[in-house]
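A quick write-up on the structure given underneath.
The values are calculated or read from the model by the stated rules, or taken from the named source; none is laboratory data. Keep in mind that what you see is a predicted model, and the values were worked out from it rather than measured. Don't worry about glycine lacking a Cβ; one is built from the backbone with ideal geometry, like all the others, and counts go over all protein chains shown.
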Amino acid sequence: MRSMQARQPDSPHALPNVPQQPVTTAKFYTIFVTIKSVEQQDIQAAHRMRAILLRHRTALINQMRGLLGERGLAISRSPEAFSASYRNCCARAHMN
């Protein structure tokens, strides 16, 4: 059985003057990870929010494509093509 002592970072990428936080993994040994700065956390949060927005946009486009498909209107999968086709559909609906 392995010792549960904390070990020193043996990664060649470990920065010497950066504080590190010990993390215990599921296999019961400790590894050291670099603590993220506030700026790094902000960038990561922005990337996560963008990913969430893209997933929601994709879900809404797919829902609208499904509803329009039931009415016989086939629209391409790309967001740009969807936007253009949707505007054309709305313009035709307002003319009638």
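Tallying residues that are under 13 Å from the mean Cα position of the chain (by Cα) and under 15 Å from Ser78 (Cβ atoms) within the stretch 46-64 yields 3. Has the stretch 37-45 got at least one residue that is at pLDDT 90 or above, within 27 Å of the chain's Cα centre (by Cα) and part of a loop (DSSP other than H, G, I, E, B)? Yes: one or more hits. The residue list Arg71, Arg48, Arg65 contains one member that is within 30 Å of Ala93 (Cα to Cα), surrounded by 10 or more Cβ atoms within 10 Å (Cβ to Cβ), modelled with pLDDT of 85 or more and of a type in the set (D, E, K, R), which is Arg65. Contact map, the stretch 64-86: residues that are over 16 Å from Leu54 (Cβ atoms) paired with residues that are modelled with pLDDT under 85 and loosely packed, with under 11 Cβ neighbours inside 10 Å, Cβ distance under 7 Å, separation 6+ or inter-chain. No pairs are found.
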